[in-house]
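Let me begin by presenting the structure, written as structure tokens, before commenting on it.
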Amino acid sequence: MDEGLRSELSKQGVFTTTLQELYNWGRRSSVWPLNFGLACCAIEMIAASMSRWDIARFGAEVFRPSPRQADLMIVAGTVTKKMAPMVVRLYNQMPEPKYVIAMGACAISGGPFKQGYNVLKGIDRYLPVDLHIPGCPPKPEALLHGIMKLQEKIAAQPLTGDGRPRHLQADAPAEFPVPAYGPYDLTPAKNETLWRPAALERQNAA
Amino acid sequence: METLEQIAARIAAAVPGVAASVETNPAVRAQSSLVVGRDHALAVARFLRDEPGLQFDYCSNVTGVDWLDATLKEKVRVKRVVDGAEQEFEETVERRRPGYLEAAYHLYSMALRHGPLILRQRTANRVEDTRLASLTPIWRSAEFQEREAFDLFGIVFTGHPDLRRILMWDGFADFPMRKDYVEPDDYEYEPTPHDAVLEKARRHYPVEGAA
């Protein structure tokens with residue numbers, strides 16, 4: 001619909017919209033997070049939910065204790081290799097549409113523990129991460145900014161054609177394989193269909 | 001609190017057949033400790049807890065230490081006859097010390113408000129015989145920490161009620177806190193590697209390391 005016509009109609013007291021806008025408005029306005037935290041980032045997440053920062057302004061204050069009722073997984077903290085299968089299983093148990101925020105350096109890349117023996121080098125090896133929030137830990141403002149960005153992302157999704165959300169794609173995977181414990185690392189070490197890092201070009205290779 | 005020597009003497013008097021030696025710490029803090037053999041550790045621990053003058057009723061910390069095989073250098077004074085006259089010389093003697101694993105317990109008394117007393121047990125060696133006596137029957141707070149020492153150092157505590165790995169998963173192959181632990185090469189790119197990570201980066205990219 002033409003924006004000028006729409007603006008003119010609204011001045012006359014006629015509200016027009018599209019099904020897509022209405023649908024996305026409903027989806028983005030009550031993104032309920034899953035109530036779980038893994039490390040110190042969770043403390044900032046809790047602070048964001050309290051009265052000072054008040055995540056309720058974005059319709060996301062209802063932290064659900066069950067994955068069956070949650071729309072958003074905030075991976076807040078260090079994902080150890082021992083914990084990673086449980087995180088993936090929780091994600092699989094969430095109903096579509098669902099989103100993942102990797103909050104903080106550890107959830108993004110392993111952070112200061114990246115080269116250690118017991119920490120996963122980023123949750124995006126196993127889960128389709130929608131949004132990365134850098135910081136160690138990120139401030140509650142950063143989390144709120146992340147939720148606003150996620151709302152923008154949801155609002156911009158078309159319901160048909162390319163770029164439609166995953167729950168409207170019939171052939172998109174409904175769940176992701178849960179890694180198993182190996183003698184040193186998780187097997188497989190990453191989900192190849194999800195995790196495709198850019199190839200590293202070495203400048204001084206002989 | 002009494003000195004460690006006094007406590008060691010009391011242990012020798014009270015628990016028959018037990019020798020608890022005092023390991024002095026030459027550092028400034030001089031936190032010396034009591035070393036007991038694993039066969040007598042349980043009896044010594046029970047004595048330390050139940051003796052009215054000591055009453056170490058709180059075990060705050062249990063940890064492991066890995067001592068590799070080492071060559072210790074000691075200076076000794078030797079008397080030698082040179083040109084008919086006896087003279088003193090200082091000589092350096094090298095001594096091989098086989099490696100061992102060690103469990104250290106930090107004990108306090110809540111009742112008498114003293115501590116810490118550091119109690120140590122040592123295994124026979126690092127590879128085959130890594131058994132020590134569990135002190136969980138004496139101090140319940142040692143249970144999880146002994147499991148941690150088992151998990152990361154491979155010290156087997158006999159008499160422990162539930163000796164499983166606690167931080168790593170069951171089926172993990174190695175003991176990561178041992179000094180000779182070699183982790184698999186799973187290095188990933190970092191923009192500014194330094195120190196130990198730089199070493200890993202050099203091993204991972206041998207071409208760049210040579211350049």
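The values are calculated or read from the model by the stated rules, or taken from the named source; none is laboratory data. Because the structure is predicted, anything quoted here is derived from the model rather than measured. All Cβ positions, glycine included, derive from the backbone under ideal geometry; neighbour counts span all protein chains shown.
Could you count how many residues in the range A:26-61 are out of contact with any Lys or Arg (no Cβ under 7 Å at 6 or more places or on another chain) and over 16 Å from residue A:96 (Cα atoms)?
Adding up the residues that qualify gives 25.
For the range A:170-191, enumerate the residues that are under 17 Å from residue A:81 (Cα atoms) and in a loop (DSSP other than H, G, I, E, B).
To start, the set of residues in the range A:170-191 that are under 17 Å from residue A:81 (Cα atoms) comprises A:176-191.
Listed by number, the residues that qualify are A:176, A:177, A:178, A:179, A:182, A:183, A:184, A:185, A:188, A:189, A:190, A:191.
Being within 14 Å of chain A (Cβ to nearest Cβ), crowded, with 19+ Cβ neighbours inside 10 Å, under 23 Å from residue A:120 (Cβ atoms) and not β-branched (Val, Ile, Thr) narrows it down to one residue among B:151, B:186; which is it?
The conditions single out B:151.
With A:121, A:149 as the choices, which residue is without any contact (Cβ under 8 Å) to a residue 24 or more places away in the chain and either assigned to a loop (DSSP other than H, G, I, E, B) or of a type outside the set (D, E, K, R) (or both)?
Just a single option satisfies the conditions, and that option is A:121.
Output the residues belonging to the range A:91-117 that are in contact with an Asp or Glu (Cβ under 7 Å, 6 or more places away or on another chain) and assigned to a helix (DSSP H, G or I).
A:92
Looking at the range B:7-30 only, could you name the residues that are in a loop (DSSP other than H, G, I, E, B), surrounded by fewer than 12 Cβ atoms within 10 Å (Cβ to Cβ) and among the hydrophobic types (A, V, I, L, M, F, W, C)?
Correct list: B:27, B:28, B:30.
Based on this model, can you work out whether residue A:144 counts as closer than 30 Å to residue A:18 by Cα, surrounded by 13 or more Cβ atoms within 10 Å (Cβ to Cβ), over 16 Å from the mean Cα position of the chain (by Cα) and away from chain B (no Cβ under 14 Å)?
no
Take the residues of the range B:31-85 that are closer than 29 Å to residue B:108 by Cα and basic (Lys, Arg): which is surrounded by the fewest Cβ atoms within 10 Å (Cβ to Cβ)?
Looking at the filtered set, the residue picked out is B:46.
What is the one condition in (1) in contact with a Gly (Cβ under 9 Å, 6 or more places away or on another chain); (2) assigned to a loop (DSSP other than H, G, I, E, B); (3) surrounded by fewer than 14 Cβ atoms within 10 Å (Cβ to Cβ) that residue B:203 does not satisfy?
So residue B:203 meets the others, but not (2).
Restricting attention to the range A:115-141, and to residues there that are surrounded by fewer than 20 Cβ atoms within 10 Å (Cβ to Cβ) and charged (D, E, K, R), which single residue is farthest from residue A:85 (Cα to Cα)?
Per the stated criteria, the residue is A:141.
Give me the pairs, please: first residue somewhere in the range A:80-92 and facing another protein chain (nearest Cβ under 10 Å), second residue anywhere and assigned to a loop (DSSP other than H, G, I, E, B) and of a type in the set (Val, Ile, Thr), beta-carbon distance under 9 Å, and either six or more positions apart or on two chains.
A:85/A:178
Residue by residue through the range A:157-183, note down the ones that are at pLDDT below 90 and over 17 Å from residue A:27 (Cβ atoms).
Those that are at pLDDT below 90 and over 17 Å from residue A:27 (Cβ atoms): A:161, A:162, A:170, A:171, A:173, A:174, A:175.
Taking the range A:157-169 as the search range and keeping residues that are in contact (Cβ under 8 Å) with a residue 12 or more places away in the chain and assigned to a loop (DSSP other than H, G, I, E, B), which one is surrounded by the fewest Cβ atoms within 10 Å (Cβ to Cβ)?
Here the answer is A:158.
Considering A:105, A:47, A:42, which residue is in contact with a strand residue (DSSP E or B) (Cβ under 6 Å, 6 or more places away or on another chain), surrounded by 15 or more Cβ atoms within 10 Å (Cβ to Cβ) and at pLDDT 90 or above? Working first, answer last.
Working: A:105 fails: in contact with a strand residue (DSSP E or B) (Cβ under 6 Å, 6 or more places away or on another chain); A:47 fails: in contact with a strand residue (DSSP E or B) (Cβ under 6 Å, 6 or more places away or on another chain).
When all the criteria are applied, what remains is A:42.
Identify all residues within the range A:8-30 that are within 27 Å of residue A:57 (Cα to Cα) and part of a helix (DSSP H, G or I); write none if there are none. Spell out the reasoning first.
The first filter runs over the range A:8-30 and keeps only residues within 27 Å of residue A:57 (Cα to Cα), leaving A:10, A:15-30.
Once the filter is applied, which keeps residues that are within 27 Å of residue A:57 (Cα to Cα) and part of a helix (DSSP H, G or I), the range A:8-30 yields A:10, A:19, A:20, A:21, A:22, A:23, A:24, A:25, A:26, A:27, A:28.
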